[in-house]
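Please read the structure below before turning to the comments.
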């Protein structure tokens, strides 16, 4: 591979709309990418032996000798030319890395550095020339917007390129395509990086930071995200994102919920199940691109109920309650915390009939309490790559504000950004989610099916699904679909699968899953 440096990798932050904390317990959650992002520049090091990580936003600058890294320990566990992730972190590697960080006193520096070194020794090798890695972010750090995941995704993407495990992204801003193995590879390694920072992450933050867009997510395995359902018809929602500036550590909050779950299993289980029901109900509302008045009212009510349940889990904070109370006083809409809670950020779903002057009045009130409010777009691009740089490392470091960063290298301001393929449909195993979609008798659903050799289909086939006749049964010869297709008017179809929407996508069947397992429709 030719020398690519310097280059930049970027990943978006996210807001969790529904499913905070319950996602850790294999419950579904809904999250969307936001326009605030993290940027990682990879540049040549002055000394090929000195590996440097600098993150001025948190005051981190540290270097390590390439020869000091635990290569021999890593090589005992990984012999593949393209390393794969493990179910859990390798304790021996973590232990050796901790010895290199003994002089770090700040926990945030320790977490970021351990994640960086763990990914580096797995994705690079002894022969990889040392580089200078510089991180800048327009995201508030530690505010529940997935900032740690954006760092992990940027590192996983950059190191996968340096290790020649993936090709640099090639898709432009306006290109559309389906997910590919490179983005999945980045996602899986970013999840390992998140384990070092968060302890027991749900996987949703790194999934959104990698793939972008909006997703309904459910984790069914310990090592990788198991089901990710792309929400293609995600509606335009007018949101205020309020950063309370109250710091907290997600791992502490996740740990406290775990403690409550151990001490009061029946009570906490009921709350987690209720959070699951809210996420599924919200999903059924938000898969429609246009929300009528009744749907918006229901969504607002779900915001309110969801926040109350999170308060019951002990993850709110007085500053978050202040945001919620002010929103109610100004009659702007409904507010809930987003992310781990304990401070951080809140999101407000603004009612349709609210005047802009009233919103500005509320924002001014937030300012009095030291809060920072963003108006952000949802569902943007995932991990991106830029190597046609008009800025060097020193220039990158000298950018003073978030606006300066966006103006100089932002994905919305620089046309040369390239992205991993995204927007397709992937199913890992047999999905456990339910999509309820109201369809007309003439509605079409198209899908490209990647099927195993043991299935009735011998190759990749593009198949139109006509929901009003027996065309499905005739085409696919699946008994369950025969039942679903025997009428002329099917107002509601339940699809138990990872992703079926009203447009073209990809479903990947695993060898141990049959079409009957993966595609089931019940009237």
remark   = Looking across the stretch 345-374 at residues that are touching a helix residue (DSSP H, G or I) at 6+ places or on another chain (Cβ under 9 Å) and assigned to a strand (DSSP E or B), the single one that is farthest from residue 247 (Cα to Cα) is 350
message = Return the residues of the stretch 44-89 that are farther than 15 Å from residue 118 by Cβ, in contact with a helix residue (DSSP H, G or I) (Cβ under 7 Å, 6 or more places away or on another chain) and not in a strand (DSSP E or B); say none if nothing qualifies.
response = 49, 56, 58
request  = Return a yes/no flag: does the stretch 193-206 have any residue that is touching a helix residue (DSSP H, G or I) at 6+ places or on another chain (Cβ under 9 Å), more than 21 Å from residue 336 (Cα to Cα), modelled with pLDDT under 80 and surrounded by fewer than 24 Cβ atoms within 10 Å (Cβ to Cβ).
outcome  = no
query = Restricting the search to the stretch 312-328, which residues are over 28 Å from residue 255 (Cβ atoms) and either in contact (Cβ under 8 Å) with a residue 60 or more places away in the chain or touching a helix residue (DSSP H, G or I) at 6+ places or on another chain (Cβ under 9 Å) (or both)?
reply = 326, 327
query = Which one of these is more than 13 Å from residue 211 (Cα to Cα) and either modelled with pLDDT of 90 or more or outside the structural domain of residue 207 (by TED's automatic domain parsing) (or both): 157, 163, 146, 142?
reply = 163
ask   = Which pairs have Cβ atoms under 7 Å, sit 6 or more apart or on different chains, and link a residue in the stretch 385-409 that is under 21 Å from residue 155 (Cβ atoms) to one that is at pLDDT 90 or above and part of a helix (DSSP H, G or I)?
value = 386/409; 391/408; 391/409; 397/56; 399/405; 399/408
ask   = Pick from the stretch 230-257 the residues that are without any contact (Cβ under 8 Å) to a residue 60 or more places away in the chain and outside any loop (DSSP other than H, G, I, E, B): which of them is farthest from the chain's Cα centre (by Cα)?
value = 256
note = Residues of the stretch 392-409 being touching a helix residue (DSSP H, G or I) at 6+ places or on another chain (Cβ under 9 Å) and buried (at least 17 other Cβ atoms within 10 Å of the Cβ), in sequence order, are 396, 399, 405, 408, 409
Residue among 279, 274, 295 that is buried (at least 22 other Cβ atoms within 10 Å of the Cβ) and either modelled with pLDDT under 95 or not in a loop (DSSP other than H, G, I, E, B) (or both) = 279
message = Anything in the stretch 394-439 that is at pLDDT below 70 and not in a loop (DSSP other than H, G, I, E, B)? List them, or say none.
response = 426, 427, 435, 436, 437, 438
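Would you mind finding the one in 342, 380, 314 that is in a loop (DSSP other than H, G, I, E, B), at pLDDT below 90 and closer than 24 Å to residue 14 by Cβ?
Numbers: 342 fails: at pLDDT below 90; 314 fails: at pLDDT below 90.
From the options 342, 380, 314, the qualifying one is 380.
Being part of a loop (DSSP other than H, G, I, E, B) and either without any contact (Cβ under 8 Å) to a residue 60 or more places away in the chain or crowded, with 18+ Cβ neighbours inside 10 Å (or both) is the filter here; which residues of the stretch 96-127 pass it?
Scanning the stretch 96-127 gives 101, 102, 103, 104, 105, 106, 124, 125, 127.
Tally time: how many residues in the stretch 317-339 are part of a loop (DSSP other than H, G, I, E, B) and surrounded by fewer than 17 Cβ atoms within 10 Å (Cβ to Cβ)?
So the count comes out to 1.
The values are calculated or read from the model by the stated rules, or taken from the named source; none is laboratory data. Keep in mind it's a predicted model, so treat the numbers as computed, not measured. Cβ atoms come from the backbone with ideal geometry, glycine included; neighbour counts cover every protein chain shown.
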